[in-house]
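This report concerns only the one structure given below.
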Amino acid sequence: MKPLKPAFIFASILLALSFTIPAILVLPFTNGKTMGELKEQKEEQPKQAKNESITEVAVFRTSLNKIETLPLEDYVIGVVASEMPADFEKEALKAQALAARTYIVTHLMSTPDKASIPEGADIKDTVDHQVYKNKSELKKQWGKDFDWKYKKVEEAVKETAGEVLTFNDKPITASFFSTSNGFTENAEEYWKNKIPYLKSVKSPWDVKSPKFNSQKVFTISEFEQKLGVSIGNGKDIGTVTSRTEGKKVATVKINGKSFTGREIREKLDLRSTDFNWIRKGDSIIVTTKGFGHGVGMSQYGANGMAKEGKKYDEIVTYYYQGISISKFNNDEIKIASK
């Protein structure tokens, strides 16, 4: 047998030491009492905080005969887009957003006549309450202008999100209309009840509205039939006996029969209660100034104010006297609606 070479012997010794040295180093620690050990546990990812509970609105879609349920803010977008021209100034659209949002919040927190609303719905999509159209309907209506118009309305609503108009810490009756005759109307002069924040104010911007003047023609027989009067062939075709603070007709007498301005407006389907008429041959020509009941915020007036640089808060506090802008509480609405 050949003697082992020194190099081989050295390599064997190194190999043996590579196994024994780690064992020697670990040995002192394996004899003692174990105080703890490295644990393994997967760390759970933190859950995202849930958003505040969202108030939803169940809208009865009159033409479709079905109920559409959606978040309140989306509903407000559909109302603003339907009730005010999207090419109005953004500050006017924001003022309209506050009026529309306040209307639905007040409606949800009140006890309306459920007989007029289908079961399961909160509100209708017509002028009985507020006109509402969804995205697909607005696309058909606006066509190629949909993108910029919807974005503008959406921004106006989002920039005022959650804001409502309040009086004595309660949401107001945020009535609005298209065009005044130069003045808004006291609530009690069109409706029955006096409402402290719905007072007559000047609204000179409305004269530029395309709806400021209108005219309607009736035959003598139509006029007599609609009003239940007889004017015959004489020149006496009625007398205005009083006017409101907003310069509209309060009362009128026709051949001994008295009417309120509102009665005349509704019976003849006129645009406003600021009316006058003349007789020409066999026709009665009725002219009106303004469009709407005249109580609350004038939409064309709001746009006129915005064009002059007024902000939405200045607009709403002008048309709704003595009110504040507050944030509504989702939970309060839900409790009240129940």
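The set of residues from region 187-196 being in a loop (DSSP other than H, G, I, E, B) and buried (at least 20 other Cβ atoms within 10 Å of the Cβ) comprises just one member, TYR190.
Of all residues in region 119-140, count the ones that are of a type in the set (Gly, Ala, Ser) and under 8 Å from GLY78 (Cβ atoms). Steps first, answer last, please.
As a first pass, look at region 119-140 and keep what is of a type in the set (Gly, Ala, Ser): 120-121, 136.
Right, trim to under 8 Å from GLY78 (Cβ atoms) and you get none.
Qualifying residue count, region 119-140: 0.
The residues listed here are TYR150, TYR132; of these, the one that is assigned to a loop (DSSP other than H, G, I, E, B) and of a type in the set (Phe, Trp, Tyr) is TYR132. Comparison of THR317, THR273 shows that the only residue that is within 20 Å of ASN186 (Cα to Cα), without any contact (Cβ under 8 Å) to a residue 60 or more places away in the chain and of a type in the set (Ser, Thr, Tyr) is THR317. Just so you know, in region 295-328 the residues that are in a loop (DSSP other than H, G, I, E, B) and out of contact with any helix residue (DSSP H, G or I) (no Cβ under 9 Å at 6 or more places or on another chain) include one that is surrounded by the most Cβ atoms within 10 Å (Cβ to Cβ), and it is GLN321. Quick check, is ILE278 outside any helix (DSSP H, G or I), in contact (Cβ under 8 Å) with a residue 60 or more places away in the chain and among the hydrophobic types (A, V, I, L, M, F, W, C)? Taking the combined requirement at face value, the residue does not satisfy it.
Scanning region 163-208 for residues that are within 23 Å of the chain's Cα centre (by Cα) and closer than 24 Å to ILE278 by Cα gives THR179, SER180.
The single condition among (1) in contact (Cβ under 8 Å) with a residue 40 or more places away in the chain; (2) within 30 Å of GLN321 (Cα to Cα) that VAL286 does not satisfy is (2). For region 226-247, taking the residues that are in contact with a Phe, Trp or Tyr (Cβ under 8 Å, 6 or more places away or on another chain) and either outside any loop (DSSP other than H, G, I, E, B) or touching a residue at least 60 places away in the same chain (Cβ under 8 Å) (or both), the one that is surrounded by the most Cβ atoms within 10 Å (Cβ to Cβ) is identified as GLY246.
Throughout, read-outs are computed from the coordinates displayed, never taken from laboratory work. Bear in mind that the values here come from a model prediction, so they are computed numbers and not experimental data. We place every Cβ from the backbone using ideal geometry, glycine too, and count neighbours over all the protein chains shown.
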